[in-house]
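Before any comments, here is the structure.
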């Protein structure tokens, strides 16, 4: 592969034309049977259209990846909104906290999420967690968020 004067890529291909019995024995050819190679085909193929196709496909791939990132991000936000934020908002505020979110509410939500994630068992009850796994320490129930 090389570049022409305009800077376009060119693929050079050289292919020998070998002598065969059908060629050397035919009446229309004058080559003797002892001559192994009759000639070569030397072709220079422009890669301009291939380079243009690759550039278009790269542009398409970039747009696809950007779209996938946006859709994945929106899906994550929607999941967090539906699974965490909305249940916290729907929790009736406790009368003794003056309507503020308490740590007990947050603790119950996190505990429910952990039970789902660990198939109904808290991480400390999970056998894998007792063998050097991650342990979760939640603050006390009487902490108040403002």
- Note on the structure: For the pair residue 75 and residue 27, the simple spin-label estimate (label points 7 Å beyond Cα toward Cβ) gives in nm 7.3
- How much length is gained if the chain between residue 10 and residue 107 is pulled fully straight, taking 0.36 nm per residue apart and subtracting their Cα-Cα distance, in nm to one decimal? 28.3 nm
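Bear in mind that the values in this text are calculations on the coordinates, not laboratory data. Quick caveat: nothing in here was measured; it's all calculated off a predicted structure. Quick reminder, even Gly has a Cβ in these numbers, built from the backbone with ideal geometry, and neighbours come from all protein chains shown.
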